[in-house]
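One structure follows; several queries about it will come next.
The values are calculated or read from the model by the stated rules, or taken from the named source; none is laboratory data. Source: prediction; values computed, not measured. A quick note on method: Cβ atoms are made from the backbone with ideal geometry, for glycine too, and the neighbour counts reach across all protein chains shown. With ligands, DNA and RNA removed, areas are computed over all heavy atoms of the protein, side chains included. Shrake-Rupley method; radii C 1.70, N 1.55, O 1.52, S 1.80 Å.
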Amino acid sequence: MQVLFLVCGLIAVAFVLLITVYLILSGIPAIREVGLIDFLFGETWSAKNNQFGILAMILTSIYGTAGAIVIGVPIGFFTAVFLAKVAPPKVAAVIRPMVNLLAGIPSVVYGLVGMIVLVPWIRVTFDLSAGDSLLAAIIVLAVMILPSIISVSETALQAVPKEYEEGSLALGATELETYFRISVPAAKSGIAAAVVLGIGRAIGEAMAIIMVAGNVANMPSLFSSVRFLTTGIAIEMNYAEVGSLQRNALYSIGLVLFLFIMLINVLLNVVLKREKED
Amino acid sequence: MNQTLSPSRRAYDLGARTLLYLSAALTCGLLVCLIGYICFRGIPGISWSFLTTAASVLRGTVGIFPAIVNTLYVIVVSLVVALPLGVGAAIYLTEYASNRRLVEVIEFATETLAGIPSIIYALVGNVIFCVSLRLEKTLIAGSLTLVIMVLPTIIRTTQESLKTVPQSYREGSLGLGSGKWHMIRTVVLPSSIDGIVTGCILAVGRIVGESAILMYTVSMSTGMQDFSTIENFMKSSGATLTVALYVYAKENAEFAVAFSIATILLALTILINLTASLAGKKLKR
Amino acid sequence: MEEPTILKAEGLDLFYGEHQALKSISMDIPEHEITALIGPSGCGKSTFLKTINRMNDLVPGVTIKGKMTYHGQDIYSPSLDVTWLRKRIGMVFQKPNPFPMSIYDNVAYGPRTHGVRSKKKLDEIVEQSLRSAAIWDEVKDRLKKSALSLSGGQQQRLCIARALAVEPDVLLMDEATSALDPISTSKIEDLSAELKKNYTIVMVTHNMQQAARIADKTAFFLLGELVEFNDTVQMFSKPRDKRTEDYITGRFG
């Protein structure tokens, strides 16, 4: 019996190895053919002209994620402080399931609303010829990372010992001063973990932003149509023939994305380990 | 003696409080508007025939019955495979494992799987199942890829509920002379069933909401599939609800249908969240 | 010689929801003396202590009737700012609760909160407070180290220093030595005796010997009532109430 369960346990390990090996094996050929430097730092991606440079996608993914973090983290963080410290229990009991619901809504639904509401709004507001843009993607991503930021930060804030807060209040600090100067610093590694998790979410999202970003592999700017690493894979996956250089280049993008994600995972583990030590 | 709060501290207090209330209001407002708008656009299109027929140009009907069936298909097949694997892994980790190092490796792998974005699963699932294993783009290939995705969810929730089973139960059972597997089957698993159920519900939630994997390991056809024979069952391939939404919105520009599907997905999400929190509450007790 | 009254409770009632935890407490607490509150667990002594700096405000469902004055001012008056009150009336808790930051920042936290910005002024306050709490010599070389690296007894004296840093004139101690070893306890007792020259101390204690050793006045609480309040010497030699006598002779509690 034990062996059977051991096999089950090892399957997770096997999957990780399988994914890693497959990504490396199928990702290397195109990089070799295009050349690592040209692949990573080439500004043009055009299957027609056999040009496969992904710098635009890498930068778009970085800018898009950074933008989502800049918007999503403050809102999520303040909402978490509200839920953990200020909200009356009854109010918090209403808001928490709402946050969970926000987390559960499928990406394509976010994409749909973004496409029908946000994209036209951006086009009209900023007087553009098309609203599909990096900005639209950033806003959609910001909303999508909110729930993870809120719930992870809230858990960290809840875990701050009451004694710290009492000590601060007894010195004549106001409640808000106490929350921001004592509770938040005491929960800082948990909050950092929330941010890293948000980064992971944002950089890995594909289907919601494929519907709002326009998907042209331009160098990123706020109002231009852009392609992320994820959408770069998604947009051509169903057209690129198996065995073609284009197809292989998509695997190479997958490999790059995978490396980004692994980097974030390592970062998350470091942050969490520090939290445990605190 | 100055007995009132200084103006700057009063401003700090007021400013901080305003920021907190505004952020929370924004988060909630966003959700309410989102739900309101989707329902406003989607509910008019939902009818009995919408739910129970296939789309047909000839008959002029729009129906999403095939998408519902396909969604159920991937849920059932993925769970049938993932549940035994996930529960088994959790049992190994909490009941059998004696090698600290191995446990760490398995747990690290589980965490890594949980952090991999679905577009990567889509890419790898496509290579492994559709191409290498020659399953082509079928619901089976999609379901198997989903197994990898939901495995961490099931392992983690099961593991957590196994940990809550008091050690005394185990000792009591072993003291009566039963074997380890017998003890697990008769004592440990029954008292952690709530956690396993919660894990399944969460897994269903992830499957229902997933789109990238299904878009690249299954075909995007919105027509009715034929499940009449085992062979057909294995070869059937078509869009689930999320993929159908994408197809209607992005490729067919039939937004009314897309919003109706979105409304249904929203309702399912609410239902899944409610059952998960009910099961979770029962688990706590 | 009678010291002037600094804190005065008049007919103070306190309810946790339906449950009455304090029953019509009237008590005059004199300035520059140590007043000990004793009694069995759940008798209301800690609750009473926390009404003095309004820490009970934080407990949901608390209602307070009657009056508590500090230098003649009603502390529950709506015009009185609670942060000012807590600055004037410091508190040391049962379990040492230094903040998870450096020793220096712990002591500087209060003055910074109340608007002291100058580095020089803060340095002065920190040194002065740590000296007053008799811990300066032990920590002066590691002010930037985490306060959590100190021993329990040192942490508690740091908490006293932290309370002194905002220049209170009353110090409330809620069983401040109960979590400490005997040596640390006696250090804090000596410190209290020293501090009463400049501060009024009100302390809750489980330990009757401690009250007998250092308190000038002692109040005995039982089931939410103030049974007896007298000079410590009087109370322990000639208790007026039978219940006090039973308690201090160890017949219950």
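Within the group A:GLY172, A:GLY198, A:GLY232, A:GLY190, which residue is under 19 Å from the mean Cα position of the chain (by Cα), surrounded by 20 or more Cβ atoms within 10 Å (Cβ to Cβ), among the small types (Gly, Ala, Ser) and within 12 Å of chain B (Cβ to nearest Cβ)? Outline the logic, then answer.
Working: A:GLY172 fails: under 19 Å from the mean Cα position of the chain (by Cα); A:GLY198 fails: within 12 Å of chain B (Cβ to nearest Cβ); A:GLY190 fails: within 12 Å of chain B (Cβ to nearest Cβ).
The match here is A:GLY232.
What do you reckon, is A:VAL94 within 11 Å of chain B (Cβ to nearest Cβ), surrounded by fewer than 20 Cβ atoms within 10 Å (Cβ to Cβ), at pLDDT 95 or above and over 30 Å from B:VAL147 (Cβ atoms)?
When the stated conditions are applied, A:VAL94 passes them.
Is it fair to say B:GLY209 is within 15 Å of the chain's Cα centre (by Cα), within 11 Å of another protein chain (Cβ to nearest Cβ), buried (at least 19 other Cβ atoms within 10 Å of the Cβ) and in contact (Cβ under 8 Å) with a residue 60 or more places away in the chain?
Numbers: within 15 Å of the chain's Cα centre (by Cα): yes; within 11 Å of another protein chain (Cβ to nearest Cβ): yes; buried (at least 19 other Cβ atoms within 10 Å of the Cβ): yes; in contact (Cβ under 8 Å) with a residue 60 or more places away in the chain: yes.
Judged against the criteria, B:GLY209 is a match.
Considering only residues that are open to solvent by less than 60 Å² (accessible area, probe 1.4 Å) and at the interface with another protein chain (Cβ under 10 Å from one of its Cβ atoms), look in segment C:106-143 and name the one that is farthest from C:THR177 (Cα to Cα).
The residue in question is C:GLY115.
Next question, about the same structure. Return yes or no: is A:GLY254 small (Gly, Ala, Ser), more than 9 Å from chain B (Cβ to nearest Cβ) and crowded, with 22+ Cβ neighbours inside 10 Å? Working first, answer last.
Numbers: small (Gly, Ala, Ser): yes; more than 9 Å from chain B (Cβ to nearest Cβ): no; crowded, with 22+ Cβ neighbours inside 10 Å: yes.
Criteria not met by A:GLY254.
If A:SER151 satisfies all but one of (1) in contact (Cβ under 8 Å) with a residue 24 or more places away in the chain; (2) open to solvent by 10 Å² or more (accessible area, probe 1.4 Å); (3) at the interface with another protein chain (Cβ under 7 Å from one of its Cβ atoms), what's the number of the condition it fails?
Among (1) in contact (Cβ under 8 Å) with a residue 24 or more places away in the chain; (2) open to solvent by 10 Å² or more (accessible area, probe 1.4 Å); (3) at the interface with another protein chain (Cβ under 7 Å from one of its Cβ atoms), A:SER151 violates only (3).
How many residues, within segment B:36-66, are closer than 13 Å to B:TYR248 by Cβ and open to solvent by less than 50 Å² (accessible area, probe 1.4 Å)?
Narrowing segment B:36-66 to residues closer than 13 Å to B:TYR248 by Cβ: B:41-42, B:45, B:50, B:55, B:62-64, B:66.
Checking which are open to solvent by less than 50 Å² (accessible area, probe 1.4 Å) leaves us with B:42, B:45, B:50, B:55, B:63-64, B:66.
Going through segment B:36-66 one residue at a time, the tally reaches 7.
Could you name every one of the helices (runs of 4 or more DSSP H) located completely within segment B:1-94 that has at least 2 residues being closer than 30 Å to B:MET234 by Cα? Talk me through it step by step, then tell me what you get.
Values: elements: B:7-42, B:48-52, B:65-91.
So the answer is B:48-52, B:65-91.
A:ALA249 fails exactly one of the following numbered conditions: (1) loosely packed, with under 15 Cβ neighbours inside 10 Å; (2) touching a strand residue (DSSP E or B) at 6+ places or on another chain (Cβ under 7 Å). What is the number of that condition?
With respect to (1) loosely packed, with under 15 Cβ neighbours inside 10 Å; (2) touching a strand residue (DSSP E or B) at 6+ places or on another chain (Cβ under 7 Å), A:ALA249 is out only on (1).
Could you count how many residues in segment B:72-97 are at the interface with another protein chain (Cβ under 10 Å from one of its Cβ atoms) and exposed (fewer than 13 other Cβ atoms within 10 Å of the Cβ)?
Summing the residues that are at the interface with another protein chain (Cβ under 10 Å from one of its Cβ atoms) and exposed (fewer than 13 other Cβ atoms within 10 Å of the Cβ) in segment B:72-97 gives 0.
Considering only segment A:120-141, state which residues are within 12 Å of another protein chain (Cβ to nearest Cβ) and surrounded by 24 or more Cβ atoms within 10 Å (Cβ to Cβ).
Correct list: A:ASP132, A:VAL140.
Follow-up question, since we're still on this one. Looking at (1) more than 16 Å from B:ALA256 (Cα to Cα); (2) within 11 Å of chain A (Cβ to nearest Cβ); (3) not β-branched (Val, Ile, Thr), can you tell me which one B:PRO7 breaks?
Result: B:PRO7 fails condition (2) only.
May I ask you to list the residues in segment A:5-60 that are touching a residue at least 24 places away in the same chain (Cβ under 8 Å), touching a Pro at 6+ places or on another chain (Cβ under 9 Å) and either open to solvent by 60 Å² or more (accessible area, probe 1.4 Å) or small (Gly, Ala, Ser) (or both)?
A:ALA56
State whether the residues of segment B:27-46 include one that is away from chain A (no Cβ under 14 Å) and small (Gly, Ala, Ser). Steps first, please.
At the first step, the residues of segment B:27-46 found to be away from chain A (no Cβ under 14 Å) are B:43-44, B:46.
This time we only want the ones that are small (Gly, Ala, Ser), so: none.
Checked segment B:27-46: no residue is away from chain A (no Cβ under 14 Å) and small (Gly, Ala, Ser).
Let me ask something else about it. Within segment A:34-50, can you find the residues that are over 16 Å from A:GLY232 (Cβ atoms) and of a type in the set (A, V, I, L, M, F, W, C)?
The answer is A:LEU36, A:ILE37.
May I pose another question? In segment B:98-119, which residues are in contact with a Gly (Cβ under 6 Å, 6 or more places away or on another chain) and either of a type in the set (A, V, I, L, M) or more than 9 Å from chain A (Cβ to nearest Cβ) (or both)?
B:ILE106, the sole residue that qualifies.
Could you check C:VAL233 against (1) open to solvent by 10 Å² or more (accessible area, probe 1.4 Å); (2) part of a helix (DSSP H, G or I); (3) under 30 Å from C:SER129 (Cα atoms); (4) not aromatic (Phe, Trp, Tyr) and say which number it fails?
(3)
Also, I was wondering about something else. Scan segment B:134-146 and give yes if some residue there is open to solvent by 10 Å² or more (accessible area, probe 1.4 Å), within 11 Å of another protein chain (Cβ to nearest Cβ) and without any contact (Cβ under 8 Å) to a residue 60 or more places away in the chain, otherwise no.
For segment B:134-146, residues open to solvent by 10 Å² or more (accessible area, probe 1.4 Å), within 11 Å of another protein chain (Cβ to nearest Cβ) and without any contact (Cβ under 8 Å) to a residue 60 or more places away in the chain: absent.
On to the next question. Of the conditions (1) closer than 16 Å to B:VAL76 by Cα; (2) not in a loop (DSSP other than H, G, I, E, B), B:VAL131 clears all except one; give me its number.
For B:VAL131, the exception is condition (1).
Additional query: Suppose we filter segment C:130-164 for residues that are under 15 Å from the mean Cα position of the chain (by Cα) and not charged (D, E, K, R); how many remain? Step through it out loud before you land on a result.
Start the filter on segment C:130-164 by keeping residues that are under 15 Å from the mean Cα position of the chain (by Cα), which leaves C:133, C:156-164.
Still in the list and also not charged (D, E, K, R): C:133, C:156, C:158-161, C:163-164.
Matching residues across segment C:130-164 total 8.
Take the conditions within 21 Å of C:GLY11 (Cα to Cα) and open to solvent by less than 10 Å² (accessible area, probe 1.4 Å) and apply them to C:THR218. Does it pass?
On the way: within 21 Å of C:GLY11 (Cα to Cα): yes; open to solvent by less than 10 Å² (accessible area, probe 1.4 Å): yes.
Yes; evaluated as a whole, the condition is true for this residue.
Of everything in segment B:240-285 that's outside any helix (DSSP H, G or I) and within 11 Å of chain A (Cβ to nearest Cβ), which residue is farthest from B:VAL204 (Cα to Cα)?
First pass over segment B:240-285, keeping only residues outside any helix (DSSP H, G or I): B:240, B:252-254, B:285.
The next check asks that each one be within 11 Å of chain A (Cβ to nearest Cβ); those that pass are B:240, B:253.
Values: B:THR240: 13, B:ALA253: 28 Å.
Only one residue fits best here, namely B:ALA253.
Would you say A:ASP132 is outside any helix (DSSP H, G or I), touching a residue at least 12 places away in the same chain (Cβ under 8 Å) and farther than 15 Å from A:ALA194 by Cβ? Talk me through it step by step, then tell me what you get.
Numbers: outside any helix (DSSP H, G or I): yes; touching a residue at least 12 places away in the same chain (Cβ under 8 Å): yes; farther than 15 Å from A:ALA194 by Cβ: yes.
Spelling it out, A:ASP132 is indeed outside any helix (DSSP H, G or I), touching a residue at least 12 places away in the same chain (Cβ under 8 Å) and farther than 15 Å from A:ALA194 by Cβ.
Of the conditions (1) of a type outside the set (A, V, I, L, M, F, W, C); (2) out of contact with any strand residue (DSSP E or B) (no Cβ under 9 Å at 6 or more places or on another chain); (3) within 22 Å of C:LEU195 (Cα to Cα), C:HIS71 clears all except one; give me its number.
With respect to (1) of a type outside the set (A, V, I, L, M, F, W, C); (2) out of contact with any strand residue (DSSP E or B) (no Cβ under 9 Å at 6 or more places or on another chain); (3) within 22 Å of C:LEU195 (Cα to Cα), C:HIS71 is out only on (2).
Select the helices (runs of 4 or more DSSP H) contained entirely in segment A:18-123, then report the ones holding at least 3 residues which are within 19 Å of the chain's Cα centre (by Cα). Walk me through how you get there before you give the answer.
Numbers: elements: A:36-41, A:55-81, A:89-104, A:107-113.
Correct list: A:55-81, A:89-104, A:107-113.
Please go through segment A:156-169 and give me each residue that is among the basic types (Lys, Arg) and over 36 Å from the mean Cα position of the chain (by Cα), ordered by number.
Going through segment A:156-169, the residues among the basic types (Lys, Arg) turn out to be A:162.
Correct list: empty.
Follow-up. Can you tell me which of (1) in contact with a strand residue (DSSP E or B) (Cβ under 9 Å, 6 or more places away or on another chain); (2) within 11 Å of another protein chain (Cβ to nearest Cβ) is the one A:SER225 doesn't meet?
(2)
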